[in-house]
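Where a number appears in this text, it was derived from the coordinates with a stated rule and is not lab data. Just so it is clear, the model here is predicted, and its values are computed rather than measured. Here the Cβ positions follow ideal geometry from the backbone for every residue, glycine too, while neighbour counts run over all protein chains shown.
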Ligand code: SF4
Ligand code: SF4
Ligand code: SF4
Ligand SMILES: [Zn+2]
């Protein structure tokens, strides 16, 4: 399965670990479907950033598509 | 829905029935389409319509005796359309545009004796069907009696054209034939099937007794022989009758050659009744435009003007009113087909899900429809089926169901006897939305009821389960209702006094064993409270909620109360049993937010004055806006002197959510003097935000409480992102299925919210 990258340079830093975020592969799932995507993640504690434009854009689109399957 | 149910439903919607003109036309010419083209000066398209249906349009189009005309709907509001003269205009200014196809030759020896217009038509139709006919006439030309009858209306070359057409389809033409009984007798041997055109063939030459003719098939008693045309009884000669008979005979003869039933499915052949329903109310009258020169017929301008009087008869009565049907550009017949197809999909995208979930289940269309088409019932049953089969999109109703669960839960639900009593004759049931919208008004009306009714009046803050019902969650709905009935039973089965029309409708339909009364009918029978706000001078337009459609008594009480308190009111353009839904019904506004907005605007637009009056909390919530002033009747009766009922702000999803819980907590301490329960710690978080962000959260169906939960979680665990450039924080929290994100910033004694969003995709559980 190919990996889509949604990783983009960001000013958000993990507050707990005081670390900048870095691109990392993440397995996201919805209704029995699995997607491998690249998101910005805290390298120390794995805090995953889902940016607003992703959640309300592509992600929503895919969610709705899967819901109609 | 199975296929037979689909067919039965489809048959209810008559939008696709023939318009009156077409049904009355013996060969069903699409006169409505013709009028549309002529009115727009699209002459080629107009001609195509005639070429498609008429035999020899250059003849029939010029002299049709228009038996359709008396049936034209325009007659109700002016004169019927001059359909015949308009056809004449069309064929005089155009040549043939469309040639119907010719089917491959199938064999069979076919003769047509007599070349009047019915014989010509039979020969043409049979030749087109791949049964080339031999057309035989004793005359030296085609047309039988027609050329003599029509005179100057038919230029002689039209018969040459007809002859060429017949030959083009492979017909053989024998003119000047010398016919005697013997020859005709030999034809019975020679041909498999024969048509006798009584306009041109002399009955005396029949070698058998003509006997009776079957009116449906035009079969004569002699096997393989058919007859028609000529003059019918004592009626005047009709050229359309010739065409109809020729066409009818040709179909019988084709079936005869195929050896199939001559009589099956012929009801719609020839002039027939139609179930079309067209409302002419409100259309201005218009009289016929006649040709200045009857001999020359219409000029282009006259024809355009006359054709433009057509009202394009169709139904669409329900669509004209319903925002939902308009939005999806369907009428119920096409809608149910789409629903049926959607449900039949095994693999692939069920693209009609959103459509099915967008209907407000309001039943307006059913009341409007001449055949009571039950769109609401179909959409509702389909939702139940989707839930049962696991095909309901989880996000469609999640928010509304979540709110219902919360309302039924310990934060908001309450059932108590009147303070200081241990039994209840009545139980006030304000409903979840009224409690969330006007908690202060609910409190004052409850106090008022306790002062005016004898026998103890308890209070029941809960939800009737309508959201579960609308969402198609049958099991959940019946659980909610049975819990509710148990609770009412434990109170000693008091009579419920119900404020909301939706609750009332739900109880009436699904819990007939409960004793229920409408709050409005109760108030109407009591001395009314003193009004404490400035009664407007100009009338307010009363907006009935869609769920009061079948509650005539409720609607009457509301008006009676207004009259008693001196509140001037007036009616909407469409209300009472035709009232629109504000967008809340059927959870429309959750499954389809933009459509919910349109429905509310449409309903508000039915106002006849600038200010409105609602008696459903959701109607007011949805219709009140920056431009609309709208009061809730209960709020008028029990107004807080500090708040003008007409201009109170919209409360919104989060506000209603909050206030439901606060109402319970407040009443518990003020009325029953219970010690206050400590509320969840996240609720203590003070959150400020711009109006813009509030609107954004509403649009995304995110509660302020969801944001409080995110921030509480982030701040107690220290797990959040931080942007050093602007000092903002970003964190997420997933209470159940949905993950919420809040972008915020610490402020003096709380936080400022800058954005909120959510997703349903699951991230891997982070191991912190
Ligand atoms: S108004 Fe137009 S569509 Fe209606 S019956 Fe007359 S010609 Fe036909
Ligand atoms: S929204 Fe109401 S009027 Fe429109 S289709 Fe649904 S039930 Fe009928
Ligand atoms: S009112 Fe609507 S459902 Fe009824 S026949 Fe007309 S178009 Fe069809
Ligand atoms: Zn970290």
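Laid out as a table, the results:
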{"quantity": "Principal axis box of region B:540-650, alpha-carbon based, largest edge first, Å", "calculated": "39, 32, 21"}
{"quantity": "Label-point gap, in nm, between residue B:329 and residue B:762 - each point 7 angstrom along Cα→Cβ", "calculated": "3.9 nm"}
{"quantity": "Approximate spin-label separation residue B:285-residue B:679, in nm, with each point projected 7 Å along Cα-to-Cβ", "calculated": "6.6 nm"}
{"quantity": "Relative contact order %, region B:110-258, counting alpha carbon pairs below 8 Å whose residues are six or more apart", "calculated": "31 percent"}
{"quantity": "Pairwise label distance in nanometres, residue B:292 with residue B:478, each label 7 Å out on the Cα-Cβ vector", "calculated": "7.6 nm"}
{"quantity": "Averaged over A:13-19, number of beta-carbon atoms from partner chains that fall within 10 Å", "calculated": "4"}
{"quantity": "Reciprocal of mean inverse Cα separation for region B:657-764 (Kirkwood radius, Å)", "calculated": "15.1 Å"}
{"quantity": "Binned Cα-Cα distances of region B:322-388, short to long, each 5 Å bin given as a whole percent", "calculated": "4, 17, 31, 27, 13, 6, 2, 0"}
{"quantity": "Packing-based ranking, highest mean first, of B:734-747, B:173-186 given that Cβ atoms within 10 Å are counted", "calculated": "B:734-747, B:173-186"}
{"quantity": "Volume in Å³ per residue [convex hull over Cα atoms, computed for the protein assembly as shown]", "calculated": "228 Å³"}
{"quantity": "Percent RCO, i.e. relative contact order, over chain A, from Cα pairs under 8 Å lying at least 6 residues apart", "calculated": "29 percent"}
{"quantity": "Using alpha-carbon coordinates, inclination of helix B:552-565 to the longest axis of chain B, degrees", "calculated": "50 degrees"}
{"quantity": "Percent antiparallel among DSSP beta bridges (both partners in chain B, rounded to 5)", "calculated": "35 percent"}
{"quantity": "Test item: B:752-764 mean partner chain Cβ contacts at 10 Å", "calculated": "6"}
{"quantity": "Residues residue B:573 and residue B:532, FRET efficiency given R0 of 51 Å [Cβ-Cβ distance, rounded to 0.05]", "calculated": "0.95"}
{"quantity": "DSSP-defined beta bridges in the protein assembly as shown - what % are antiparallel, rounded to 5", "calculated": "45 percent"}
{"quantity": "Principal axis box of region B:578-727, alpha-carbon based, largest edge first, Å", "calculated": "56, 45, 29"}
{"quantity": "0 to 90° range, to nearest 10: angle between helix B:181-190 axis and chain B longest Cα axis", "calculated": "50 degrees"}
{"quantity": "Kirkwood-based shape ratio for chain B, expressed as Rg/Rh from alpha carbons", "calculated": "1.15"}
{"quantity": "Order of B:524, B:197, B:202 under a 10 Å beta carbon neighbour criterion, fewest first", "calculated": "B:202, B:524, B:197"}
{"quantity": "Chain B, helix-only ellipticity at 222 nm - DSSP H runs n ≥ 4, -39,500 (n - 2.57), divided by all residues, nearest 500", "calculated": "-12500 deg cm²/dmol"}
{"quantity": "Solvent-free Debye scattering, log10 I(q)/I(0), computed from the Cα coordinates of region B:110-258 at q = 0.17 Å⁻¹", "calculated": "-0.89"}
{"quantity": "Acute angle (nearest 10 degrees) that the helix A:58-67 long axis makes with the longest principal axis of chain A, alpha-carbon atoms", "calculated": "40 degrees"}
{"quantity": "Calculated over chain A: convex hull of Cα atoms, volume per residue (Å³)", "calculated": "92 Å³"}
{"quantity": "DSSP bridge orientation in region B:682-759 - percent antiparallel, rounded to nearest 5", "calculated": "90 percent"}
